[in-house]
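The structure under discussion appears below in the form of structure tokens.
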Amino acid sequence: MKRSVNFSFNHMIRIPEPELMNDPTQVESYAQADFETAHSFLIRKFQDRLPQRFSPVSVLDLGCGPGDMSSRLYSQFPNANFTFVDGSAFMLDLCKKRMDIMVLKKRNQKIEFKKELVQEFVPESSYDLVFSNSLLHHLHDPFEFWAAVQRSIHPDSFIFISDLMRPDSLNMANHLVERYANNEPEVLKRDFFNSLLAAYRLEEIKEMLEIVRLDSKLNLEPITDRHWICYSKPRL
């Protein structure tokens with residue numbers, strides 16, 4: 001039986017979108033989109049919240065997509081072992097191609113690419129860093145995501161999750177699309193609009209964390225008019 005959160009109906013109701021991007025045209029448009037500003041900003045937020053002298057041996061990128069964020073993670077921790085997970089073969093292939101350009105052939109560390117749905121991902125061992133960007137809003141059952149995170153961590157793991165935040169109305173969603181994707185192809189505009197409608201609101205994320213008992217471990221905060229981040233609290 002799937003669990004559900006008693007979400008408030010005071011705001012625009014969430015409209016789920018397909019869990020996987022399997023249309024080659026859609027995937028290619030997403031991979032070629034200009035996410036430089038948004039992704040650079042998210043990585044800076046990630047770096048600002050890392051523990052001092054943090055140097056993970058193992059890194060999990062859950063829902064790696066075409067690999068733009070993955071390549072930024074690799075640049076930050078080039079000596080770590082990496083596992084990139086995505087349920088879309090098209091996305092994973094693009095991530096592989098991007099990483100092949102970056103990764104040194106004589107590298108001693110291990111890099112794995114796993115085509116698996118998040119609900120089916122069972123790691124062989126836990127990771128020092130669990131990172132995920134823009135995966136949660138794709139999932140029809142959000143608790144499958146949190147369960148995968150919990151399966152992948154040990155007590156000292158650092159968790160960093162970022163995703164979109166559902167706006168208050170269709171008008172606001174349209175405004176965000178025009179503001180941030182006005183020069184992108186129509187297919188990407190449509191995807192962005194649908195993703196905004198499928199995203200979870202901050203109070204919904206807060207309730208999820210309480211249900212899965214991660215609220216004492218993770219901070220949650222909005223960082224833009226369309227993004228939130230969730231990350232490990234400093235150890236006392």
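Observations on the model:
- For the range 127-169, filtered to residues that are out of contact with any helix residue (DSSP H, G or I) (no Cβ under 8 Å at 6 or more places or on another chain) and in a loop (DSSP other than H, G, I, E, B), the residue that is modelled with the highest pLDDT is Ser152.
- Scanning the range 98-126 for residues that are without any contact (Cβ under 8 Å) to a residue 24 or more places away in the chain and outside any loop (DSSP other than H, G, I, E, B) returns Asp100, Ile101, Glu120.
- Selection of the range 101-113 for residues being open to solvent by less than 50 Å² (accessible area, probe 1.4 Å) and under 14 Å from Asp61 (Cα atoms) yields only Ile111.
- Residue match in the range 157-167 (condition: out of contact with any strand residue (DSSP E or B) (no Cβ under 7 Å at 6 or more places or on another chain) and free of Cβ contacts under 8 Å to residues at least 60 places away in the same chain): no
- Only listed residue being part of a helix (DSSP H, G or I), exposed (fewer than 14 other Cβ atoms within 10 Å of the Cβ) and within 18 Å of the chain's Cα centre (by Cα), chosen from Ser70, Ser75: Ser75
Yes/no matrix, rows are residues, columns are (1) under 19 Å from Leu202 (Cβ atoms); (2) surrounded by 20 or more Cβ atoms within 10 Å (Cβ to Cβ):
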position: Leu94; (1), (2): no, yes
position: Met99; (1), (2): no, no
position: Ala147; (1), (2): no, no
position: Leu176; (1), (2): yes, no
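- Restricted to the range 216-236, and to residues there that are open to solvent by 70 Å² or more (accessible area, probe 1.4 Å) and without any contact (Cβ under 8 Å) to a residue 24 or more places away in the chain, the residue that is nearest to Lys45 (Cα to Cα) is Lys233.
- Scanning the range 200-215 for residues that are open to solvent by 50 Å² or more (accessible area, probe 1.4 Å) and out of contact with any Lys or Arg (no Cβ under 8 Å at 6 or more places or on another chain) yields Glu203, Lys206, Glu207, Glu210, Arg213.
The values are calculated or read from the model by the stated rules, or taken from the named source; none is laboratory data. The shown structure was predicted, so the numbers you read here are calculated from the model rather than taken from an experiment. As a convention, Cβ positions derive from the backbone with ideal geometry for all residues, glycine included, and neighbour counts pool all protein chains shown. Surface accessibility is based on the protein's heavy atoms, side chains included, excluding ligands, DNA and RNA. Shrake-Rupley method; radii C 1.70, N 1.55, O 1.52, S 1.80 Å.
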